[in-house]
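Taking it in order: structure first as structure tokens, then the write-up.
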Amino acid sequence: MSFLTADIARKTFTMVGGGDVEVIRDLRFAIGDGEFVCIVGPSGCGKTTLLQLISGIDPIYDGAISIGGAAPGTGPRLGYMFQSDRLMPWMTVLENVRLICSPEAIKRGLPERLLTDFGLADFVNSYPNRLSGGMRRRVALARAYAVEPKLLLLDEPFVSLDAPVALRLRDLLMESTREHGTSVLFVTHDLREALYLADRIVFLAKRPARVALDFTVPLPRPRSIDSAALESLRTELLDAHPDLLAGLVPTDSAEIEEHR
């Protein structure tokens, strides 16, 4: 049974100078309970807009979204991690996580436990400007889990990080997802990252976004991001769908031309 269903007939934005820009058209997909799904597509195709609709941040669209049988913002709790960490610079690490916790969660020590799980026990009283970029992302990930979400939305959360730091954060995400049984919708335009993380990958076409391919990742877990099997699967997808996958990283233009 699907935990999240999205049936978005149309989403538009009105331009400042007048006229509408259609961002999404006839986009439909579903996520099962505890499933990890990556949304992949070129920059500007509507991935972030999709997360905003699902989260309830933007309620204006034609269609229907159901999360656990309820409309966005009225049903199960959601966690949201953005591209930037969005930490409050005047608050300590612990205060940033406590900020969105319920009084009951604070009373049972959930913020401290999450920060310990994410390797930040020694930094609870530090301010964000004293942390590395990777550590700030860890705080942001802990904060996303602080609402004890049934669905976690992540918008390219590890972009621009050094490869070893990004890999460690991906592993922390996977460990936490398994521990909490959380459904995950993870936006990326990195195909290798998607193949490493996802149970399924939903590929979006260029704007207006729609589902161009819904792909179940056949690789068993645990996976290695540098494995020959993962690279072979990535190459097969590039061979089969060169136009769809053009513009994704780390695929460069020369590699796309090679697979046309």
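Computed quantities for the displayed model
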{"read-out": "Nearest-20 debye value, the chain charge dipole, Cβ charges on Lys, Arg, Asp, Glu", "value": "760"}
{"read-out": "Folded to 0 to 90 degrees: helix 228-240 orientation relative to the chain principal axis, Cα", "value": "40"}
{"read-out": "Nearest-ten-degree value, helix 163-180 long axis tilted from longest Cα axis of the chain", "value": "70"}
{"read-out": "Tilt relative to the chain, helix 133-145 - C-alpha long axis, 0 to 90 degrees, to 10", "value": "80"}
{"read-out": "Proximal lysines relative to Lys150, as straight alpha-carbon distance under 22 Å, when same-chain residues fewer than 8 apart are discounted", "value": "Lys47, Lys107"}
{"read-out": "Positive minus negative residues near Glu104 (Lys, Arg vs Asp, Glu; Cβ under 15 Å)", "value": "+3"}
{"read-out": "Cα gyration tensor shape of region 95-169, rounded if a/c is under 1.5, else prolate or oblate by comparing a/b with b/c", "value": "oblate"}
{"read-out": "Karplus 3J(HN,Hα) series, Hz, for region 97-105 with 6.51 cos²θ - 1.76 cosθ + 1.60 (x for Gly, Pro)", "value": "6, 5, 3, 10, 7, 6, x, 5, 5"}
{"read-out": "Point-to-point label distance, Gln83-Ala64, nm (Cα→Cβ direction, 7 Å offset)", "value": "3.3"}
{"read-out": "The chain - mean residue ellipticity at 222 nm from DSSP helices (-39,500 (n - 2.57) per run, n ≥ 4, rounded to 500)", "value": "-9500 deg cm²/dmol"}
{"read-out": "Residue order, fewest to most surrounding Cβ atoms within 10 angstrom, among Ile65, Ile60", "value": "Ile60, Ile65"}
{"read-out": "Rough spin-label spacing in nm, given labels placed 7 Å along Cα→Cβ, for Asn129 and Ile106", "value": "2.5"}
{"read-out": "Estimated dipole of region 133-231 in Debye, rounded to 20 [Cβ of Lys and Arg +1, of Asp and Glu -1, Cα centre]", "value": "240"}
{"read-out": "Whether region 41-133 is rounded, prolate or oblate, judged on the alpha carbon gyration tensor where a/c under 1.5 counts as rounded", "value": "oblate"}
{"read-out": "FRET efficiency, 1/(1 + (r/R0)^6) with R0 30 Å, evaluated for Thr14 and Trp90 via beta carbons", "value": "0.25"}
{"read-out": "Selected from Ala144, Phe3, Val184, residue furthest toward positive end of dipole (the chain; charges at beta carbon)", "value": "Ala144"}
{"read-out": "Sparse-neighbour loop sites [GluC sites (Glu not before Pro); region 109-209; at most 16 other C-beta within 10 Å; DSSP]", "value": "none"}
{"read-out": "Whole-number percent relative contact order across the chain, with pairs defined as alpha carbons under 8 Å at least 6 apart", "value": "25"}
{"read-out": "Cα lying deepest toward the dipole's positive end in region 133-246, options Thr216, Phe158, Leu195, charges on Cβ", "value": "Phe158"}
{"read-out": "Potential lengthening between Ala228 and Leu99 on full extension [0.36 nm per residue; Cα-Cα distance subtracted]", "value": "42.1 nm"}
{"read-out": "Cα-based shape type of region 177-234, given that a ≥ b ≥ c are square roots of the gyration tensor eigenvalues and the cut on a/c is 1.5", "value": "oblate"}
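No lab work stands behind these numbers, since they all come straight from the coordinates. What you see is a predicted model, and the numbers here were worked out from it, not measured in a lab. Here the Cβ is made from the backbone with ideal geometry for all residues, glycine too, and neighbour counts use every protein chain on show.
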